[in-house]
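Working notes for the structure below.
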Amino acid sequence: MDRTAVSREVIEKLAQYTTPTVSNVIELFDLRPRDEGFLAGEIRPLTEAARRPTVGYAVTATVRTSSVPHSEERETPFPQHLHRLREVEAPRIVVFQDLDDPPRSATLGECMATAYRAMGCVGAISSGYVRDLEELERGQFPVFARGTVASHGYFRLVDVMVPVEVGNARISSGTLLHGDANGVVIVPRNVAHWVAAGCEDYVRLEAEFLREFEAKGELADLDRVHSLFQERKAALRSRLLSMWKRRRYPDLSRPVLDW
């Protein structure tokens, strides 16, 4: 588990950009296959607050909501999870893996969300369902999940602060997450500072590309636009990798490239 320290400045900088931009910059470091490191499409933003960038560290738990619990089944009291959240620095995002297959009942509602928010959680992710959607909306609490249902069924926490599988991705407590209207991406902590630094440059790269087509339409010089984009992208990748390998921390208030 990567426990590289990430500053509050980096968290705030990442929160200025969309998950596609953050994902694009992460790709420049070639740390993982490009079809990994993000949650599958069934995990959707369900509240309006979840459509805006939310960044935080995972605090995990496995849960069950269907069938009556039997006497020998493992169960963790809810207050124990709240106490153990402090093992991970704020801001925190609670992440539930619903062990039921298929998921049946709600894993989160207004009361739990209020308690988690009071303990420094800035959002929640569930592989299953949630409820109290209107109350979650009024509380402006970002929630990502499969969907909504009316009942919490036989909800109980099983294990807390353990690795979980959500949306085809493995998440441990302390994993850095970035979510918005597009979904959720995992940000490797060991490159988080450099990813944050490169986002503004990547936005500028795409703006140049778009501007050419918006201004000239069919008259746009396709080869030149594509070539220039690839050249600038390669230059950004080279600059970021060089700084990362030399442990040079770029100034987050300035672009990485000379524009």
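As for the range 218-227, it holds at least one residue that is hydroxyl-bearing (Ser, Thr, Tyr) and more than 28 Å from Arg52 (Cβ to Cβ). If you go through the range 139-169 and keep only what is within 22 Å of the chain's Cα centre (by Cα) and without any contact (Cβ under 8 Å) to a residue 60 or more places away in the chain, you end up with just Gly139. Just one residue in the set Phe209, Phe213 is in contact with a helix residue (DSSP H, G or I) (Cβ under 6 Å, 6 or more places away or on another chain), surrounded by fewer than 19 Cβ atoms within 10 Å (Cβ to Cβ) and under 30 Å from Leu240 (Cα atoms); that residue is Phe209. For the range 50-65, the criterion of being assigned by TED's automatic domain parsing to the domain that holds His178 and in a helix (DSSP H, G or I) is met by at least one residue. Run down Thr148, Thr175 and say which single residue is within 22 Å of Ala90 (Cα to Cα) and among the polar types (S, T, N, Q). On inspection, the qualifying residue turns out to be Thr175. Candidates Val191, Val256, Val195: the one that is crowded, with 17+ Cβ neighbours inside 10 Å, modelled with pLDDT of 95 or more and assigned to a loop (DSSP other than H, G, I, E, B) is Val256. Scanning the range 75-125 for residues that are among the hydroxyl-bearing types (Ser, Thr, Tyr) and farther than 18 Å from Leu177 by Cβ yields a count of 3.
Of the residues that sit in the range 220-244 and are of a type in the set (Lys, Arg) and closer than 15 Å to Ile26 by Cα, which one is surrounded by the fewest Cβ atoms within 10 Å (Cβ to Cβ)? The selected residue is Arg237.
Checked against the criteria, Glu48 does not count as in contact with a Gly (Cβ under 7 Å, 6 or more places away or on another chain) and closer than 18 Å to Arg146 by Cα. Considered as a group, the residues in the range 77-126 that are among the β-branched types (Val, Ile, Thr) and surrounded by 18 or more Cβ atoms within 10 Å (Cβ to Cβ) include one that is nearest to Ala145 (Cα to Cα), and that residue is Ile125.
Candidates in the range 88-108 are the residues that are of a type outside the set (A, V, I, L, M) and within 22 Å of the chain's Cα centre (by Cα); of these, the one that is farthest from Gly153 (Cα to Cα) is Glu89.
Only residues that are assigned to a helix (DSSP H, G or I) and of a type in the set (D, E, K, R) were counted in the range 218-253, giving 9. The set of residues from the range 1-33 being outside any helix (DSSP H, G or I) and in contact with a helix residue (DSSP H, G or I) (Cβ under 6 Å, 6 or more places away or on another chain) comprises Asp2, Thr4, Val6, Tyr17, Leu28, Phe29.
Considering every residue within the range 29-41, establish whether at least one is touching a residue at least 24 places away in the same chain (Cβ under 8 Å) and crowded, with 21+ Cβ neighbours inside 10 Å. Yes, there is a match, as at least one residue in the range 29-41 is touching a residue at least 24 places away in the same chain (Cβ under 8 Å) and crowded, with 21+ Cβ neighbours inside 10 Å. When Glu72, Glu110 are checked against the criterion of being assigned by TED's automatic domain parsing to the domain that holds Ala124, in contact (Cβ under 8 Å) with a residue 12 or more places away in the chain, acidic (Asp, Glu) and over 30 Å from Ala235 (Cβ atoms), a single residue qualifies: Glu110.
Does Ala61 fit the bill of being small (Gly, Ala, Ser), closer than 30 Å to Thr114 by Cβ and under 14 Å from the mean Cα position of the chain (by Cα)? For Ala61, the condition - small (Gly, Ala, Ser), closer than 30 Å to Thr114 by Cβ and under 14 Å from the mean Cα position of the chain (by Cα) - is not met.
Here Leu136 fits the description: touching a strand residue (DSSP E or B) at 6+ places or on another chain (Cβ under 6 Å) and in a helix (DSSP H, G or I).
Screening Ala113 on (1) part of a loop (DSSP other than H, G, I, E, B); (2) in contact with a helix residue (DSSP H, G or I) (Cβ under 9 Å, 6 or more places away or on another chain); (3) small (Gly, Ala, Ser) shows it passes everything except condition (1).
The values are calculated or read from the model by the stated rules, or taken from the named source; none is laboratory data. Computed from a predicted model, the values in this text were never measured in an experiment. Glycine gets a Cβ as well: all are built from the backbone with ideal geometry, and neighbour counts include every protein chain shown.
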